[in-house]
Amino acid sequence: MNETKTPILEMRGITKRFPGVLALNKVDLTVYPGQVLALVGENGAGKSTLMKILSGVHQMDEGEILIEGKPVSIPDPLASQFMGISIIYQELTVLDNMNIAENIFLGREQRRSRVFVDKRQMHAEARRLLDEVGLNLDTWRKARDLSTAQKQMIEVAKALSFHSKIIIMDEPTSSLTETETETLFGIVRKLRSSGVAIVFISHKLAEIFAISDEVAVLRDGVSAGRMVTAACTENDIVNAMVGREVQDLFAKEPAEIGDVVLEVKNLSTRGFLKDISFQLRAGEILGFAGLVGAGRSEVMRAVFGIDRRESGEIFVKGRRVRIQSPRDALRCRMGFVPEDRKSQGLVLGMNVRQNTTLAALRQVASGAGFISARLEREMTDQFVSALEVKTPSNEQRVRNLSGGNQQKVVIAKWLANSPDILILDEPTRGIDVGAKKEIHALMSRLAQQGVAIIMISSELPEVLGMSDRIVVMHEGRIKGELPRGEADQVSIMKMAVS
């Protein structure tokens with residue numbers, strides 16, 4: 001069918017070099033009007049770099065770009081927008097101090113007499129766009145009061161406001177519930193039927209099969225294949241992505257379950273969490289499931305001393321402890337890998353070495369109390385090697401690493417403290433299949449070493465595949481608990497929605 005159409009986008013022989021890195025090597029990409037093309041690959045494969053070239057953020061070193069058959073130059077993001085290209089980034093660009101309408105039309109405010117901002121018209125148009133994405137919110141509401149999922153839908157509304165011919169969606173469902181994801185897919189299908197081309201980047205293979213027409217694969221900065229979605233399997237895509245077969249994604253190995261190391265009794269927070277109680281044992285992986293907003297992350301933030309709790313008790317190895325800050329949690333040999341690695345888990349301007357040792361400065365201090373560069377290097381080398389962090393150097397800034405390798409650095413930071421209790425909030429969100437397998441294998445190894453692990457995940461196959469027990473939450477309460485052998489997706493979802 002596509003052979004009879006003129007491509008709306010052709011990227012030919014795209015090459016991009018960064019200092020010491022060949023990020024893209026003669027990559028080709030073709031997209032047709034009314035097509036959803038899934039762009040997949042491991043973290044670091046070059047997907048984001050390719051899309052940043054298309055959106056004018058980066059400039060290619062070699063190659064050419066054609067829009068509707070005509071060669072174009074894209075010197076900056078504004079030029080990209082004028083050509084009808086919109087991009088929805090995984091890292092949200094919504095500004096918290098502005099309202100919804102101001103965010104949607106930022107830099108393109110509708111005006112009367114070319115001078116005064118026409119707020120009435122702007123909010124009316126914003127209201128129409130919100131209706132289109134199925135979001136029932138007051139357009140005067142400040143973005144700071146929105147959930148991450150709502151902000152993601154605002155990004156979609158902003159892209160629709162450009163009337164774009166090509167829309168790039170980079171992990172657009174990473175913070176969405178199943179219902180919101182279905183709403184987004186409805187929008188994608190509507191756009192496809194109107195002739196808009198969609199480049200859909202996702203690590204969730206189920207989504208790729210649900211929404212895409214074709215799949216283009218990048219591996220190590222080169223084109224690794226293209227296939228019709230309906231004619232391929234998950235194994236076909238994974239094999240093209242990693243260059244090998246990946247078996248046993250959920251590499252859960254048996255571990256000896258020991259004594260209770262953490263007990264939470266009747267924990268509550270003002271206005272949300274109610275009477276939360278659970279136990280965690282050495283060598284156990286305890287999964288927390290529930291819909292987005294159920295309170296899973298809030299429980300762990302309260303346990304770790306990030307958020308204030310109104311009532312409740314915490315016991316570590318049978319001893320009642322007072323945890324009012326993360327410093328107190330550290331003293332109890334706890335670690336916490338947060339949901340948002342970039343804003344909460346890493347200091348992006350620091351290098352791999354500095355981030356790895358950030359929570360273990362006492363261990364790398366010299367006798368005089370100063371940080372020892374030698375001890376820092378030794379500790380970092382140990383964890384970079386053990387976790388197989390792919391980085392040109394331990395002096396590389398973490399903002400330049402792929403998502404999977406950033407996540408490994410966050411985990412390394414907490415492992416440097418030799419925790420007895422490790423909380424992992426969405427440990428594999430936004431990372432590729434290969435990196436997921438590595439992190440799952442790491443979790444199993446830690447459990448076998450006696451580390452007690454709490455894992456929060458919105459992906460039910462991950463919860464089912466990696467957990468020894470599963471706690472299900474709904475609206476700030478624990479609705480039930482299931483042992484590994486009795487849990488399935490249906491039983492979990494029944495608890496999660498009731």
Exercise for the section: Would you be able to say whether some residue in the range 364-371 is touching a residue at least 12 places away in the same chain (Cβ under 8 Å), closer than 19 Å to P427 by Cβ and surrounded by 15 or more Cβ atoms within 10 Å (Cβ to Cβ)? Expected result: no
Problem - Subset of the range 379-405 (residues that are in a helix (DSSP H, G or I) and more than 21 Å from V364 (Cβ to Cβ)) - result: R399, N400, G403, G404, N405
Handout entry: Residue in the range 125-148 that is modelled with the lowest pLDDT, counting only those that are open to solvent by 40 Å² or more (accessible area, probe 1.4 Å) and among the hydroxyl-bearing types (S, T, Y)
Key = T148
Handout entry: Any hit, the range 436-446, residues being charged (D, E, K, R), assigned to a helix (DSSP H, G or I) and buried (at least 22 other Cβ atoms within 10 Å of the Cβ)
Key = yes
Completion exercise
Within the range 105-117, of all residues that are at pLDDT below 85 and assigned to a loop (DSSP other than H, G, I, E, B), the one most open to solvent (accessible area, probe 1.4 Å) is R114
Exercise for the section: Please tell me if V433 is crowded, with 19+ Cβ neighbours inside 10 Å and under 30 Å from S385 (Cα atoms). Expected result: yes
Practice task
Out of the residues in the range 234-252 that are buried (at least 18 other Cβ atoms within 10 Å of the Cβ) and among the small types (G, A, S), state the one that is modelled with the lowest pLDDT.
Solution key: A251
Completion exercise
Of the residues in the range 149-186, those that are without any contact (Cβ under 8 Å) to a residue 60 or more places away in the chain, open to solvent by 10 Å² or more (accessible area, probe 1.4 Å) and of a type in the set (V, I, T) come to T179, T181, T183
Problem - the range 472-498: number of residues that are surrounded by fewer than 14 Cβ atoms within 10 Å (Cβ to Cβ), part of a helix (DSSP H, G or I) and not hydrophobic (A, V, I, L, M, F, W, C) - result: 4
Handout entry: Selected residue (criterion: nearest to A441 (Cα to Cα)) from residues of the range 458-471 that are crowded, with 21+ Cβ neighbours inside 10 Å and in contact with a Leu (Cβ under 7 Å, 6 or more places away or on another chain)
Key = S467
Practice task
Looking for whichever is at pLDDT below 95 and closer than 25 Å to V472 by Cα here; the options are Q354, Q363, Q279, Q344. Which one fits?
Solution key: Q344
Fill in the blank from the handout: Note on the range 231-241: residues part of a helix (DSSP H, G or I) and in contact (Cβ under 8 Å) with a residue 12 or more places away in the chain are E234, I237, V238, A240, M241
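Conditions (1) more than 21 Å from K151 (Cβ to Cβ); (2) assigned to a strand (DSSP E or B); (3) in contact (Cβ under 8 Å) with a residue 24 or more places away in the chain, marked per residue:
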site	(1), (2), (3)
G293	no, no, yes
E298	no, no, yes
D307	no, no, yes
F336	yes, yes, yes
S343	no, no, no
V347	yes, no, yes
Problem - V410 being of a type in the set (V, I, T), assigned to a helix (DSSP H, G or I) and either in contact with a strand residue (DSSP E or B) (Cβ under 9 Å, 6 or more places away or on another chain) or open to solvent by 40 Å² or more (accessible area, probe 1.4 Å) (or both) - result: yes
Exercise for the section: Give me the pairs, please: first residue somewhere in the range 13-41 and farther than 19 Å from I168 by Cα, second residue anywhere and in a strand (DSSP E or B) and open to solvent by less than 10 Å² (accessible area, probe 1.4 Å), beta-carbon distance under 7 Å, and either six or more positions apart or on two chains. Expected result: T15/L24; K16/L24; N25/T15; K26/T15
Practice task
Taking the residues in the range 253-276 that are of a type in the set (V, I, T) and open to solvent by less than 50 Å² (accessible area, probe 1.4 Å) as candidates, determine which candidate is modelled with the lowest pLDDT.
Solution key: T269
Exercise for the section: Would you check which residues across the range 183-210 are more than 18 Å from the chain's Cα centre (by Cα) and over 21 Å from L9 (Cβ atoms) and list them? Expected result: T183, F185, G186, F209, A210
Problem - Candidates K408, K436, filtered to the one that is within 30 Å of N235 (Cβ to Cβ), touching a residue at least 24 places away in the same chain (Cβ under 8 Å) and in contact with a Ser or Thr (Cβ under 8 Å, 6 or more places away or on another chain) - result: K436
Problem - Pick from the range 350-363, criterion within 26 Å of the chain's Cα centre (by Cα) and open to solvent by 40 Å² or more (accessible area, probe 1.4 Å), ranking: farthest from T148 (Cα to Cα) - result: R353
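The values are calculated or read from the model by the stated rules, or taken from the named source; none is laboratory data. Keep in mind that what you see is a predicted model, and the values were worked out from it rather than measured. Glycine also receives a Cβ, built like all others from the backbone with ideal geometry; neighbour counts cover every protein chain displayed. The protein model used for the area step is the full one, side chains on, heavy atoms only, and it has no ligands, DNA or RNA in it. Shrake-Rupley method; radii C 1.70, N 1.55, O 1.52, S 1.80 Å.
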